[in-house]
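Only one structure is covered here, and it is reproduced in the block below.
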Amino acid sequence: MFYIIIVLFVLGYAAIALEHNLSVDKAAIALVTGSLIWVCVAFGCDTIYPALPSFQEYLQTNPDASAIEFVTQHELLRHLGEISELLFYLLGSMTIVEIIDSHGGFVMLSKVIKTHNKVKLLWILSFLTFFVSAALDNLTATILMITLMWKLIGGKNTRWFFASMIVIAANAGGAWSPIGDVTTLMLWIGGQVSALNIIVHLSVPSLISMSLPFVLVSLSLKSEALLPS
């Protein structure tokens, strides 16, 4: 059963990568693949879980528990909870974006940013993303800045390029703030790091990690005008 799970995982990932060729939405593929894998885990739990340390720890508090009970009452609920956290987080992020958009926030920013030069706009968006990501979080900042970028830039390939650079800037910006990333937020809440130490020690390395790829990309970019959005 373990090998069947591996095969299903590989086939599911391949189908997601070939989404356009198969003309099947990747979300549907992921849901079907995940469901099939959990079915296989349920049927093969007696051979998969007994040797796992997590199951042995569960038996210490629930000595009469079976492997299938561990799967349904512990593992499945834990994973569904983590997925639900992400979904609710995305709903909140998209709500913020829609509120800003409905009040003309992106229109105002797009009027302020008047340059149509690729290199200049790339740096403007990167620094905006870097600091917005530190104030909010990298995922929300990415959604916000890509929404803004969509109103400034036309052309599918150019949008993809700018979106990928925004993701780099958002991840770099989120690393030097205690609220800029889920990982740093968890460390801060757990008392393992302090806000001041994170900012002092990671702000410069984060700025460098963002700037280096942007400098390399800027050198390869032509200073041509962007397509209108």
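For the range 89-98, the criterion of being in contact with a helix residue (DSSP H, G or I) (Cβ under 6 Å, 6 or more places away or on another chain), of a type in the set (Gly, Ala, Ser) and assigned to a helix (DSSP H, G or I) is met by at least one residue. Within the range 109-161, being under 26 Å from residue 92 (Cα atoms), touching a residue at least 24 places away in the same chain (Cβ under 8 Å) and of a type in the set (D, E, K, R) holds for 137, 151. Kindly evaluate residue 24 against the criterion of being surrounded by 13 or more Cβ atoms within 10 Å (Cβ to Cβ) and not hydroxyl-bearing (Ser, Thr, Tyr). Yes, satisfied.
Rundown of residues vs (1) under 30 Å from residue 138 (Cβ atoms); (2) surrounded by 14 or more Cβ atoms within 10 Å (Cβ to Cβ); (3) at pLDDT below 80, yes/no style:
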site	(1), (2), (3)
20	yes, no, no
50	no, no, yes
59	no, yes, yes
75	yes, yes, yes
89	yes, yes, yes
92	yes, no, yes
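All conditions in (1) out of contact with any helix residue (DSSP H, G or I) (no Cβ under 9 Å at 6 or more places or on another chain); (2) at pLDDT 85 or above hold for residue 156, with the sole exception of (2).
Here the condition is being hydroxyl-bearing (Ser, Thr, Tyr), modelled with pLDDT under 85 and outside the structural domain of residue 182 (by TED's automatic domain parsing); of 35, 84, it holds for 84 alone. Somewhere in the range 44-52, is a residue of a type outside the set (A, V, I, L, M), outside the structural domain of residue 125 (by TED's automatic domain parsing), assigned to a helix (DSSP H, G or I) and in contact (Cβ under 8 Å) with a residue 24 or more places away in the chain? The answer is yes, given that some residue of the range 44-52 is of a type outside the set (A, V, I, L, M), outside the structural domain of residue 125 (by TED's automatic domain parsing), assigned to a helix (DSSP H, G or I) and in contact (Cβ under 8 Å) with a residue 24 or more places away in the chain.
Exactly one of (1) surrounded by 21 or more Cβ atoms within 10 Å (Cβ to Cβ); (2) at pLDDT 80 or above; (3) among the small types (Gly, Ala, Ser) is unmet by residue 180. Its number? So residue 180 meets the others, but not (2).
Taking residues in the range 213-229 that are assigned by TED's automatic domain parsing to the domain that holds residue 116 and farther than 11 Å from residue 120 by Cβ, and partners anywhere that are among the hydrophobic types (A, V, I, L, M, F, W, C) and at pLDDT 75 or above, the pairs with Cβ atoms closer than 6 Å and at least 6 places apart or on different chains are 213/168. Among the conditions (1) outside any helix (DSSP H, G or I); (2) touching a residue at least 24 places away in the same chain (Cβ under 8 Å), residue 24 misses just one, which is (2). Taking the criterion of being under 25 Å from residue 87 (Cβ atoms) and not polar (S, T, N, Q), would at least one residue in the range 41-58 satisfy it? The answer is yes, given that some residue of the range 41-58 is under 25 Å from residue 87 (Cβ atoms) and not polar (S, T, N, Q).
The values are calculated or read from the model by the stated rules, or taken from the named source; none is laboratory data. Given the structure is predicted, the values throughout are model-derived calculations rather than measurements. Backbone-built Cβ (ideal geometry, glycine too); neighbour counts: all protein chains shown.
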